[in-house]
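Here the structure comes first, spelled out in structure tokens, and everything after it is commentary.
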Amino acid sequence: MAITKGYIKNSRISLSNIELFLVVFLSGTLNATSLFEFMGLGNLSTLIKIAFYTILFLSFFLLVLKKLLIRNLSFNYKYWIILFLGVALKIFILFIQNPSNVLPGGKFFSLVITFGMDFILMVYLSNVIKTIRDVKISVYGLGLGLSLTAMIPILLFPELIGYRVSVVQGFTFIGGFWNASVISFISVGWLLIAVGIFEKNKSGKTLLYSIFCLIIFGGVAGLSRAILLSTLISLIVYLFFSKKISKYIKTIILGIIIFTIIIYFFPTVYSNFSERLDDGLNVEEEPRVEIWKDYLESIKDYVFFGEIEGNFTIYSSTAQGPHSVLFNWIVHFGLLGLIGFIYLIKGLLSSIKAIKSKFPIETSAAIYAWVAAYLAVALINQTGFEQLTVFAGFGIILGWGNINSSSKLE
């Protein structure tokens, strides 16, 4: 517990703190891009993107420059390097087939930008997070940015609470109107709890827990079975690793209170969700199962390098994405991509073990719950494969674990 006793003796905010906050906050707000465009605020969305890219690129460049100039500074790369090589190899293969496809304006340029930003953000966070203050700034910033994905719909479009819709007033939301809240939950949800456990400031603790509840409700408001499954599984994991009977009792009481509030204040959510769950799950008719069968039947065609020409959905009879993070990595980037992803998850678990040695057991339990919540969604959905804020979560956990292993505590 030593890390919590001497926490931030010097409370002055530095330029690097502001830089870190802006990077994670802006990355979180980008998750609300579709909402901004739906409201006719496309210019605001563009402005946020430009600000984020500019600050992230500049910050990453300075980080690399510092590492090169000061030779004794270590570079945290162990757990993401295999995945990076898998992605780089596939982009190279696409490039040598037709260079114009991966250059600006090409049909695969978006792939380069998406994973380029994902890796730069993850690498940046895993290397600049060196103190507990950095962890708190990262989680607060990411949480505040992502809270917009639930706050905007709830405040401005309350009539859509309790309805699962993808097209609103002619505007199509990929994954559904409330899907951004699901992404927010798996990106930062349990990290908010992890920091809230040792947060001494009551206002800060309240803010963290409020954002946690807000983004969960955003997913529930859209009748997402994925977020319900993710919440239940991650909660079980949290209780298992926290190893405290009092936590079980408090959680049961809190669950009853939340359930009562939803029934009383949001009857539409309860009735529509109940109807959706009453339909049950017929495995033989589940679209995901059919999609997985399609991809499994053709696995020998893409197992080594992914779909060689980059047409990632040709193996689905309905032209659907794989709807599983494991299938996604292997069909896009081949065996190296899949191995790299599994090794990255191993790195997260190793980081949690390091965190466990210096923080309250509930903190490490909450981060285990984060991994469980993420995998519960990512393994059966498209969501969780390439989302920027998920990679931000990876970076925060890897950096957090490195604090403990290097004993650079503040």
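The values are calculated or read from the model by the stated rules, or taken from the named source; none is laboratory data. Worth saying up front: this structure is predicted, and the values here are computed from it rather than measured. Note: ideal-geometry Cβ built from the backbone for every residue, glycine included; neighbour counts use all protein chains shown. Heads up: the accessible areas ignore ligands, DNA and RNA and are worked out on the full protein's heavy atoms, side chains in. Shrake-Rupley method; radii C 1.70, N 1.55, O 1.52, S 1.80 Å.
Summary of computed values
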{"quantity": "Among residues of the range 286-323, those that are in a helix (DSSP H, G or I) and either within 27 Å of SER100 (Cβ to Cβ) or not aliphatic (A, V, I, L, M) (or both), counted", "calculated": "11"}
{"quantity": "Out of PHE212, PHE185, PHE198, PHE217, sole residue that is in contact with a helix residue (DSSP H, G or I) (Cβ under 9 Å, 6 or more places away or on another chain), hydrophobic (A, V, I, L, M, F, W, C), open to solvent by less than 10 Å² (accessible area, probe 1.4 Å) and on the phi < 0 side of the Ramachandran plot", "calculated": "PHE185"}
{"quantity": "Subset of the range 76-118 [more than 16 Å from TRP329 (Cα to Cα), surrounded by fewer than 16 Cβ atoms within 10 Å (Cβ to Cβ) and within 23 Å of the chain's Cα centre (by Cα)]", "calculated": "TYR77, LYS78, PHE109, SER110, ILE113"}
{"quantity": "Residues (within 30 Å of GLN169 (Cβ to Cβ), open to solvent by 40 Å² or more (accessible area, probe 1.4 Å), within 22 Å of the chain's Cα centre (by Cα) and not β-branched (Val, Ile, Thr)) located in the range 35-60", "calculated": "GLU37, LYS49, TYR53"}
{"quantity": "Close pairs from the range 89-116: first touching a residue at least 12 places away in the same chain (Cβ under 8 Å) and farther than 20 Å from ILE50 by Cβ, partner of a type in the set (D, E, K, R) and open to solvent by 60 Å² or more (accessible area, probe 1.4 Å), Cβ under 6 Å, at least 6 apart", "calculated": "ASN101/LYS107"}
{"quantity": "Qualifying residue in the range 142-164 (condition: over 20 Å from ILE257 (Cβ atoms), among the aliphatic types (A, V, I, L, M) and outside any helix (DSSP H, G or I))", "calculated": "no"}
{"quantity": "Of residues in the range 169-181 being open to solvent by 10 Å² or more (accessible area, probe 1.4 Å) and touching a residue at least 60 places away in the same chain (Cβ under 8 Å), the one farthest from LEU148 (Cα to Cα)", "calculated": "GLN169"}
{"quantity": "Yes/no for LEU62 being touching a residue at least 40 places away in the same chain (Cβ under 8 Å) and either not aromatic (Phe, Trp, Tyr) or not in a helix (DSSP H, G or I) (or both)", "calculated": "no"}
